[in-house]
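Reading through the structure tokens given below for one structure.
The values are calculated or read from the model by the stated rules, or taken from the named source; none is laboratory data. Because the structure is a prediction, the values reported are computed rather than measured. Cβ sites come from the backbone with ideal geometry, for glycine too, and all protein chains shown count toward neighbours. Just the protein is used for accessible areas: all its heavy atoms, side chains included, with ligands, DNA and RNA removed. Shrake-Rupley method; radii C 1.70, N 1.55, O 1.52, S 1.80 Å.
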Amino acid sequence: MKVNHDAKNIAEHFTQFLAPEVATTSALRDEVFKIRHNVYCEELAFEQIKEEGKEKDEFDDQSIFSMIKHKPSDIYTSCVRVVQSRNEDELLPLEKYCLDSIQNKELHPSNFARSEICEISRLAVKADFRRRASDKFKGSATGAISESTYSETELRCFPFIAIGLYMAAATMAINTGMNHVYVMMEPRLARSMKFVGIKFIQLGEAIEYHGLRAPYYINPNIFLENLTPGFSALYLSIREDICKQLPKINKNS
């Protein structure tokens, strides 16, 4: 009861200070690319510095994007994308770079219709919004969480933004017909996500890919059935915001 009460407080705290936003215009997508450049190029040096200050790649043209805005400052804190595949030529990043890491044949992306698979990727959180002591380590830039056993007190320090991004991405995937969702993430992040009821299925061993990451799978049923009551309340709030904005994507593209 205590855990769920604290989780509900987190949901209320999130909606008070943070708001999910779909990148429905080219200007908003530029904001996404700037956040990614700040994290992936300037901070982590995963990619080279770009003259225009925007980090882009070949998968952006087949992606939809979401950000989390800090309401008091009106600043975008972070971003995430959902990479879709409309045909056999449009591979997911995981298929192009990490396909051999998938050892679970049953949940292999080749088993499903291209129109129903997607990948959550390029999650990035700006340093200015990782101020807590629990966030002061390199992995937090891409959503990772320090390894620990969460106590009732530590629950209050759970990184709202990373959770919000995954919930925004889940909403975008579910509401655009994506029934099979993949992500390459650090195993410790996957373990921490279980704490709030987001239970990814690990498909293979971790490999070196921008740090030690493993392939994971989730679908709408697994996602919706396992959310804890408190974080379910947060998801419903995020879903409401995201679903209002999704129809604008095609209109403004």
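From (1) surrounded by fewer than 17 Cβ atoms within 10 Å (Cβ to Cβ); (2) at pLDDT below 95, pick out the condition that doesn't hold for I10.
For I10, the failing item is (1).
Would you say S66 is surrounded by 12 or more Cβ atoms within 10 Å (Cβ to Cβ) and polar (S, T, N, Q)?
The answer is yes for S66.
Within the set of pairs 6 or more residues apart or between chains, which connect a residue that is in contact (Cβ under 8 Å) with a residue 60 or more places away in the chain and more than 19 Å from G177 (Cβ to Cβ) inside segment 89-114 to a residue that is among the basic types (K, R) and open to solvent by less than 90 Å² (accessible area, probe 1.4 Å) with Cβ atoms less than 9 Å apart?
Hits for this filter: P93/R122; C98/R213; S101/R213.
I'd like to know if segment 94-113 contains one or more residues that are modelled with pLDDT of 95 or more, over 23 Å from A214 (Cβ atoms) and not acidic (D, E).
Scanning segment 94-113 turns up at least one residue that is modelled with pLDDT of 95 or more, over 23 Å from A214 (Cβ atoms) and not acidic (D, E).
Out of all the residues in segment 39-54, which are open to solvent by less than 50 Å² (accessible area, probe 1.4 Å) and touching a residue at least 24 places away in the same chain (Cβ under 8 Å)?
Those that are open to solvent by less than 50 Å² (accessible area, probe 1.4 Å) and touching a residue at least 24 places away in the same chain (Cβ under 8 Å): V39, Y40, L44, K54.
All but one of (1) over 19 Å from C79 (Cβ atoms); (2) out of contact with any helix residue (DSSP H, G or I) (no Cβ under 8 Å at 6 or more places or on another chain); (3) touching a residue at least 60 places away in the same chain (Cβ under 8 Å) hold for K248; which doesn't?
Status for K248: all satisfied but (1).
Take K34 and tell me if it is farther than 22 Å from K244 by Cβ, open to solvent by 70 Å² or more (accessible area, probe 1.4 Å) and not aliphatic (A, V, I, L, M).
yes
Every residue in segment 212-243 that is among the β-branched types (V, I, T) and either over 15 Å from the mean Cα position of the chain (by Cα) or surrounded by fewer than 17 Cβ atoms within 10 Å (Cβ to Cβ) (or both), please.
I222, T228
Taking into account only those residues within segment 79-112 that are in a loop (DSSP other than H, G, I, E, B) and open to solvent by 50 Å² or more (accessible area, probe 1.4 Å), which is nearest to I249 (Cα to Cα)?
R86
Output the residue which, of all residues in segment 195-228 that are aliphatic (A, V, I, L, M) and assigned to a loop (DSSP other than H, G, I, E, B), is nearest to H108 (Cα to Cα).
Result: L203.
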